[in-house]
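The values are calculated or read from the model by the stated rules, or taken from the named source; none is laboratory data. Every value quoted in this text rests on a predicted model; they were computed, and no experiment measured them. Neighbour counts are summed over all protein chains in view; Cβ atoms, including those assigned to glycine, are modelled from backbone coordinates with ideal geometry. Heads up: the accessible areas ignore ligands, DNA and RNA and are worked out on the full protein's heavy atoms, side chains in. Shrake-Rupley method; radii C 1.70, N 1.55, O 1.52, S 1.80 Å.
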Amino acid sequence: MSVHPTVGGPAIAQQRHLVTEIPGPISRKLLARRQASVARGLSHVLPVFVTAAGGGVLIDADGNSLIDFGSGIAVTSVGNSAELVVTRVTEQVAQFTHTCFMVVPYEGYVQVCEELNRVTPGSHDKRSALFNSGAEAVENAVKIARHATGRQAVVVFDHAYHGRTNLTMAMTAKNMPYKDGFGPFAGEVYRVPMAYPFRWPGGPARCAAEALDVVTGLIHAQVGEHRVAAVVIEPIQGEGGFIVPPDGFLPGLAGYCREHGIVFIADEIQSGFCRTGDWFACDHEAVVPDLVTTAKGIAGGLPLAAVTGRADIMDSVQAGGLGGTYGGNPVACAAALGAIETMTKEDLPAAARRVGEVMLPRLRDLARRYPVIGDVRGRGAMLAIELVKPGTIEPDAAATSAVARACHAAGLILLTCGTHGNVLRFLPPLVISPDLLDEGMGILDDAFGQLPS
Ligand code: PLZ
């Protein structure tokens with residue numbers, strides 16, 4: 001058993017260990033307090049209250065040690081309380097906590113932008129701007145694209161997820177729970193079909209070419225290329241179901257945008273920062289977006305987000321046109337520098353590929369044994385299985401939540417996703433030990449075994 005060293009906290013044994021039912025009595029008490037004090041609109045995947053976390057495990061208030069296959073939705077890729085994040089944050093928080101970059105600047109912000117300009121796809125001249133959340137980064141990417149082009153329309157995809165603010169809700173596809181009752185939504189947002197191999201009517205082999213035809217045809221007929229400021233796409237879709245477009249689709253789309261002066265925006269908020277086995281999911285096919293939005297994995301758990309892209313597009317905005325009180329907060333910047341240093345030193349893209357090499361064969365084996373699994377997909381440590389009524393492509397959300405619940409009860413934190421709630425997704429910290437990965441897969445196997453046949 002390996003021990004995850006954390007600076008300033010206890011070393012956490014890398015093992016699953018349950019001492020109560022899940023959630024235990026202390027968590028249940030806290031949940032009652034939560035229900036009396038916190039708005040109902042916030043929900044939990046699993047209501048265990050965490051007291052410590054590191055590597056691939058979370059410790060709860062009852063003393064249970066749970067395996068983490070969620071990373072707080074693809075955030076703690078470097079592990080929780082990763083050593084370099086803790087050191088840099090601790091140093092920074094003792095120096096100064098805030099000045100507001102718009103009032104008085106500091107070096108950490110500039111360093112994070114330099115790093116972003118270096119690690120994001122393409123070697124062209126770039127600029128970055130920092131924000132607090134993924135949704136805020138997407139909002140700003142759209143602002144910048146509109147400003148640079150003088151156009152208004154924004155094209156997004158079926159199954160897209162871009163956030164919960166007014167503009168990003170309009171860009172997000174799924175109604176329940178994200179949009180229901182929250183309208184009216186921002187205008188000039190147009191939705192086109194996603195290249196979704198498992199569900200493409202003409203079959204996966206024809207998906208890339210046919211989807212490109214459909215998308216460009218719809219933009220031409222229903223929007224007009226000259227009105228489109230930006231096409232925004234997650235290079236691997238996240239909340240919408242971990243949908244991986246077939247090879248050729250993203251390069252084709254990027255080429256089409258170039259041809260028509262449309263800003264091509266890759267939303268790498270979930271797929272970025274080593275998660276897919278490359279620094280960014282776009283790297284897989286050497287696609288170079290005009291703008292990239294990042295968040296989540298960027299700062300090891302502290303709130304930070306960014307827009308990075310072509311200097312001419314970014315710098316089209318007047319001084320004072322972008323900003324916010326907290327965007328690029330010095331403590332969050334220190335965390336990002338620690339996280340990026342960890343990714344580089346520990347070669348976390350390779351670690352993500354190894355996670356995929358262990359998990360994909362196991363998931364494919366499950367799919368052979370359990371016909372409820374219709375598709376296995378993903379790259380690196382961004383993997384998923386889609387559950388359907390056997391022999392059909394009809395989504396099976398009930399089986400999906402039954403499997404997730406059984407995993408939770410056994411001490412494995414596992415997330416679902418998908419427009420139809422029928423996808424189990426796997427997002428372990430990239431530093432998770434092979435033993436924990438293996439144990440987690442065993443729990444998943446047992447959970448499928450418990451499904452009524
Ligand atoms: N773009 C691709 O995945 C956030 C949302 C969880 P924020 N995904 C997790 C939830 O239910 O709120 C996300 C994403 C992509 C944008 C966002 C938005 O990022 O930091 O949550 O605003």
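Please give the per residue accessible area of the chain, computed with a probe of 1.4 Å over protein heavy atoms only, in Å².
Accessible surface, normalised per residue, equals 41 Å².
In debye, nearest 20: dipole of segment 331-453 around its Cα centre with unit charges on the Cβ of K, R (+) and D, E (-)?
Working: 12 positive and 14 negative charges, 52 e Å.
So the magnitude is around 240 debye.
Where both partners of a DSSP beta bridge lie in segment 85-345, what percent of those bridges are antiparallel, to the nearest 5?
So the antiparallel bridges in segment 85-345 amount to around 40 percent.
Using a/c under 1.5 as the rounded threshold, could you call segment 218-336 rounded, prolate or oblate? The axes a ≥ b ≥ c are square roots of the C-alpha gyration tensor eigenvalues, and prolate needs a/b larger than b/c, oblate otherwise. Working shown, then result.
Details: a/c = 2.21, a/b = 1.27, b/c = 1.74.
Judged from the Cα gyration tensor, segment 218-336 comes out oblate (a/c at least 1.5, b/c at or above a/b).
Each residue of segment 378-385 in order: what ³J(HN,Hα) in whole Hz does its phi give by Karplus 6.51 cos²θ - 1.76 cosθ + 1.60, θ = phi - 60°, with x for Gly and Pro?
Per-residue couplings from phi come out as x, 9, x, 9, 10, 10, 7, 10 Hz.
Would you calculate the volume per residue, in Å³, of the smallest convex hull containing every Cα atom of the chain?
146
What number comes out for the charge environment of Asp438, summing +1 per Lys or Arg and -1 per Asp or Glu over other residues with Cβ under 14 Å away? Walk me through the intermediate numbers first.
On the way: positive: Arg16, Arg354, Arg362; negative: Glu357, Asp365, Asp435, Glu439, Asp445, Asp446.
Spelling it out: positives minus negatives among the neighbours equals -3.
Answer rounded, prolate or oblate for segment 300-453, using the Cα gyration tensor with square roots of eigenvalues a ≥ b ≥ c: rounded when a/c is under 1.5, else prolate when a/b is larger than b/c, else oblate.
prolate
Charges only on Cβ, +1 for Lys and Arg, -1 for Asp and Glu: so what's the dipole of the chain about the Cα centre, in debye to the nearest 20? Don't skip to the answer; put the middle values down first.
Details: 36 positive and 44 negative charges, 189 e Å.
About 900 debye.
Mind listing the long-range amide H neighbours of Phe157? Cut-off is under 5 Å, sequence gap 5 or more, other chains count too, H placed in the peptide plane at 1.01 Å from N.
Distant-sequence amide H within range of Phe157: Val192.
Expected output is a single nm value to one decimal: the length gained when fully extending between Lys143 and Arg369, i.e. 0.36 nm times separation in residues minus the C-alpha distance. What is it? Display every interim value, and only then the final one.
On the way: separation 226, 0.36 × 226 = 81.36 nm, distance 4.85 nm.
My answer for the length gained is 76.5 nm.
Excluding same-chain residues fewer than 8 positions from Lys179, which lysines have a Cα within less than 20 Å of its Cα?
Hits, sequence-local ones excluded: zero.
Using the Kirkwood radius over Cα pairs, work out the Stokes-Einstein diffusion coefficient for segment 75-194 at 4 °C and 1.567 mPa s, in µm²/s as a whole number.
75
Collect residues whose amide H, placed 1.01 Å from N in the peptide plane, falls under 5 Å from the amide H of Val263; neighbours closer than 5 in sequence don't count.
HN-HN under 5 Å from Val263: Ala230, Val231.
Would you mind computing, in nm to one decimal, how far apart the modelled labels at Phe185 and Gln450 are, each placed 7 Å from Cα along Cα→Cβ?
Spacing of the two 7 Å Cα→Cβ label points: 3.6 nm.
How about Lys126: which lysines have a C-alpha closer than 26 Å to its C-alpha, ignoring those fewer than 8 places off in the same chain?
Hits, sequence-local ones excluded: Lys143, Lys296, Lys345.
Give me the percent of accessible area attributable to carbon and sulfur for the chain, probe 1.4 angstrom.
Ligands and nucleic acids excluded, carbon and sulfur reach 55 percent.
Whose amide H sits under 5 Å from the amide H of Asn80, counting only residues 5 or more places off or on another chain, with H placed in the peptide plane?
Gly54, Gly55
Please state the shape class of segment 85-345: rounded when a/c is under 1.5, otherwise prolate if a/b exceeds b/c and oblate if not, all from the C-alpha gyration tensor.
Working: a/c = 1.78, a/b = 1.58, b/c = 1.13.
Prolate, since a/c reaches 1.5 and a/b exceeds b/c.
How many nm separate the modelled label positions at Asp438 and Thr392, each set 7 Å beyond the Cα in the direction of the Cβ?
Result: 4.0 nm between the two label points.
I need the phi-derived Karplus couplings for segment 304-314: 6.51 cos²θ - 1.76 cosθ + 1.60, θ = phi - 60°, integer Hz, Gly and Pro marked x.
7, 8, 8, 10, 10, x, 3, 4, 5, 6, 4
Among residues other than Thr276 whose Cβ falls under 10 Å from its Cβ, what is the net charge (Lys/Arg +1, Asp/Glu -1)?
With Lys, Arg at +1 and Asp, Glu at -1, the neighbours total 0.
Can you pull out the chymotrypsin sites (Phe, Trp or Tyr not before Pro) in segment 114-207 whose DSSP state is coil and whose Cβ has at most 16 other Cβ atoms within 10 Å?
On the way: sites: Phe131, Phe157, Tyr161, Tyr178, Phe182, Phe185, Tyr190, Phe198; in loops: Tyr161, Tyr178, Phe182, Phe185.
Within segment 114-207, the qualifying chymotrypsin sites (Phe, Trp or Tyr not before Pro) (loop, at most 16 other Cβ atoms within 10 Å) are Tyr178, Phe182, Phe185.
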